[in-house]
Amino acid sequence: MRCVLFTGKGGGGTTTVAAATAILAAQRGHRTLVLSVDPAAGLAGALDHPIGAEPTELEPGLHGQQVDLRRAVETRWPAVREVLAGTWPAINVDPFDLEELAFLPGAVETLTLLELRDGLTSENYDLVVVDGGPAAALVRLLAFPETLSWYCRRLLPPDGAFARWLRPGFGWAAALGGRWSALAAPAYDTVSRLHRAAVDLRAILTDHATTSVRLVATPESSALAAARGSFTALSLHGFTLDGVVVNRIFPPANADAWRAGWAAVHREQLADITAAFMPTPVLPVGYRAGEPIGLEELAAFGAATYGELDPGSVLGEPLIGPSGQPRVERTEDGFALSFGLPFVDSSQIDLARLGDDLVVTVGSYRRAVPLPAALRRCDVSTARLRDDRLVVSFVPDPRQWVRV
């Protein structure tokens, strides 16, 4: 199973490129699902075919689906009601009020990721192509499993200070008894299952062999800056890039002075984008006379984009290496933890130690990196940028190491 997520600056043609990729992949033998998680819901218009909350067959080997959060609530909430059905009488909670929990913070991300997980774990597809919409929204969505896992770890042992409150038969729940004691078991089980699901989904999303991101940009200075910023955010959270599609390039041939001027600007911008993202493949796509709408037009668009390349495979090595996971190495003084962080300088980075996590902030994006056991017993000594990687050095804290 492969998953390719498309994102970029709004208005750059992300939906078109995602749809074209899925159609070409299906025509080349991959059982393909094209799934839109973009609330703008433009995929059906690009395909010129109605799609809904369930996979719709568009042609042999190709299905389309639009995430519908209202439908997801209706579909998934009965299972939650069934789990809690035996608890409601004991805790005196109106089951109709519980349905409002679906609109708590994080519920949208959870429901969207559950829809994505269903596609990724289905045996019906070889490839899932995701129309992710604007980059900022997709980064928040993809980062949510780790954020959820971070909160769950604070509720569960061994790290959770509140585990003794939730664990059935112990602490707070046992002391209060009654309806709160009856609530402890399903609450503890729910948190445990959420944590496992978050860990499993993040493992899929950060495995370069399974999942990769492709940026869609236009040949403009502002688009290059936006693509760099998006890639920095994706790298911060451990996601890897395997290609950049540069859309709407003016061709130089048979052009009047006005078009020739734009063609020259686009050549320069394409060269800048190629140099910035090297060795990641950059795929140029010419400006078309009309917008590609419908399966036939999109298939031609996809063929022009990929040529002989397999749209469902890993297109090339990412700029910062194939692994988005932090790397730990021994040093003379202790340890060094590093991970890719391109297109930034040291003035844009803020570091903080929060318990057993290293909190890294770049602009408006923040990630709490869980520290391996050995580094939890160390202090941060220095941090520096080296070859598009943030390298944080740790020195052992003698007070936290066992003496022999």
Just one of the numbered conditions (1) modelled with pLDDT of 90 or more; (2) under 25 Å from THR147 (Cβ atoms); (3) touching a strand residue (DSSP E or B) at 6+ places or on another chain (Cβ under 6 Å); (4) not charged (D, E, K, R) is not true of PHE335; which one? (2)
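For every residue, the table says whether it meets (1) in contact with a Lys or Arg (Cβ under 8 Å, 6 or more places away or on another chain); (2) buried (at least 16 other Cβ atoms within 10 Å of the Cβ).
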site	(1), (2)
SER346	yes, no
ALA352	no, no
VAL360	yes, yes
ALA368	no, yes
SER381	no, no
ARG386	no, no
ASP397	yes, no
Residue that is in contact with a Pro (Cβ under 9 Å, 6 or more places away or on another chain), modelled with pLDDT of 55 or more and crowded, with 19+ Cβ neighbours inside 10 Å, where the choices are ALA209, ALA184, ALA197, ALA226: ALA184
In this structure, does VAL265 turn out to be outside any helix (DSSP H, G or I) and either of a type outside the set (D, E, K, R) or farther than 21 Å from ASP388 by Cβ (or both)? no
Does at least one position in segment 278-293 carry a residue that is assigned by TED's automatic domain parsing to the domain that holds ARG214, surrounded by fewer than 16 Cβ atoms within 10 Å (Cβ to Cβ) and assigned to a helix (DSSP H, G or I)? no
Residue in segment 234-258 that is modelled with the highest pLDDT, counting only those that are over 30 Å from LEU201 (Cα atoms) and part of a loop (DSSP other than H, G, I, E, B): PHE250
Subset of segment 338-368 (residues that are at pLDDT below 90, closer than 21 Å to GLY229 by Cβ and assigned to a strand (DSSP E or B)): PHE339, GLY340
Out of all the residues in segment 370-399, which are modelled with pLDDT under 90 and among the hydrophobic types (A, V, I, L, M, F, W, C)? ALA373, ALA374
Qualifying residues in segment 1-56 (those that are among the small types (Gly, Ala, Ser) and touching a helix residue (DSSP H, G or I) at 6+ places or on another chain (Cβ under 7 Å)) - the one surrounded by the most Cβ atoms within 10 Å (Cβ to Cβ): ALA19
Any residue at all in segment 281-289 that's modelled with pLDDT of 95 or more, closer than 20 Å to THR14 by Cβ and of a type in the set (D, E, K, R)? no
Take segment 208-233 and flag every residue that is closer than 18 Å to PRO284 by Cβ, assigned to a loop (DSSP other than H, G, I, E, B) and not acidic (Asp, Glu). THR218, PRO219
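The values are calculated or read from the model by the stated rules, or taken from the named source; none is laboratory data. Predicted model, so just to flag it, every value in this text is computed and none were measured. Ideal geometry is used to build each Cβ from the backbone, glycine not excepted, and the neighbour counts take in all protein chains shown.
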